[in-house]
1. Counting every Cα pair in region 34-150, what percent are over 16 Å apart?
2. Given q = 0.14, 0.15 Å⁻¹, what are the Debye log10 I(q)/I(0) values for region 40-85, with equal point scatterers placed on the Cα positions and solvent ignored?
3. If you wrap a convex hull around the C-alpha atoms of region 57-121 and split its volume per residue, what is the figure in Å³?
4. Compute the normalised compactness of region 196-256: alpha-carbon radius of gyration over 2.2 N^0.38 Å, N being the residue count.
5. Quick one: what are the phi-derived ³J(HN,Hα) couplings along region 60-69, Karplus 6.51/-1.76/1.60 with θ = phi - 60°, whole Hz, x for glycine and proline?
6. Distances over 18 Å make up what percent of all Cα-Cα pairs in region 130-201?
7. Cut-off is 10 Å between beta-carbons; in what order do Leu252, Leu118 appear when sorted fewest neighbours first?
8. For region 175-277, go through all pairs of different Cα atoms, get the mean of 1/r, take its inverse, and jot down that Kirkwood value in Å.
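Please treat every number below as a calculation from the coordinates, not as lab data. Model, not experiment: these values are computed from the prediction. Cβ sites come from the backbone with ideal geometry, for glycine too, and all protein chains shown count toward neighbours.
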Amino acid sequence: MSLLKAPAYPIRIKLYETLPKWMVMLLDGRRALIAGATSEIGQETARVFTEHGARVALVARRANLLRSLASEIKSRGGEAIPIPADLTRPGEAAKVVKAAAQKLGGLDVLVSFVGARLDPSTWYKGIDKVDVHTIRGIMDADFFTALSLAQAAIPIMSRRGGVMIFTSSTPALTWYTHGAAYSLAKLTLVGLMKSIAAEYNRLRIRTYALALGNIKTSATYGRLKPSERRMLAQESPMKRWGEPREVATVALALASDLFSYVNGQVIVVDGGTVMLS
């Protein structure tokens, strides 16, 4: 049985206890900040990271859901600190990173799942029809939030190295008939990731961008008709949607030492769809 296909949490812990320690605790003692932690992918990443020994600071706007997630993790023996915040506000990202580092005693991993909520009316507008104000709003949520988090984290990580993971998308790589405003924002995150990798590799800071395909979240899957869900599932050679936990386990591997000689890369998580483009 693969770890990915393992049963629910209590049973999975018993399974892990029979494995060598290096296979269990990939992030043992690491201190991680997860922004956008109340999204489905963010929640799963928090669970997976703490299952593998990380201590996490969880950041999101939905305070009640954030605290509930932290309580769940603590009830299972993990350490999670909720930090409610709106990262689109000026100066908020720097405050959050500072608070997380103080509470955790440092910072080894930064993961950002923060992004603009998809608006169907904007998605279907051509680039000549989307007003600049809307594009700036999307850029604020996607790019400038990630930039501010990175700028605050670099001085802390420069002491002993670290890992940063940002969230892009497959349309940002291959482009798509619709959603230009969103794809532009996701493409800037690839540039940010590569810039940090090139400049701060000397400080042992590794960076990655997750290019996500069709992942089963409320923001995408939840908005579609059954016929649209079936159609999009067929885009991938695997003929299905990806699960949030399947994104989380990729983030886990990247944050661990398993990827110690990989840096500045876009990691495509789409079941092979881009391969066919």
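1. 61 percent
2. Rounded to two decimals, the profile gives -0.25, -0.29.
3. Considering the Cα atoms of region 57-121, their hull volume per residue is 104 Å³.
4. Relative to the 2.2 N^0.38 Å estimate, region 196-256 comes out at 1.50.
5. 3J(HN,Hα) across region 60-69, in whole Hz: 5, 7, 7, 4, 5, 5, 5, 5, 5, 5.
6. Everything past 18 Å amounts to 43 percent.
7. Leu118, Leu252
8. Radius from the Kirkwood sum: 15.2 Å.
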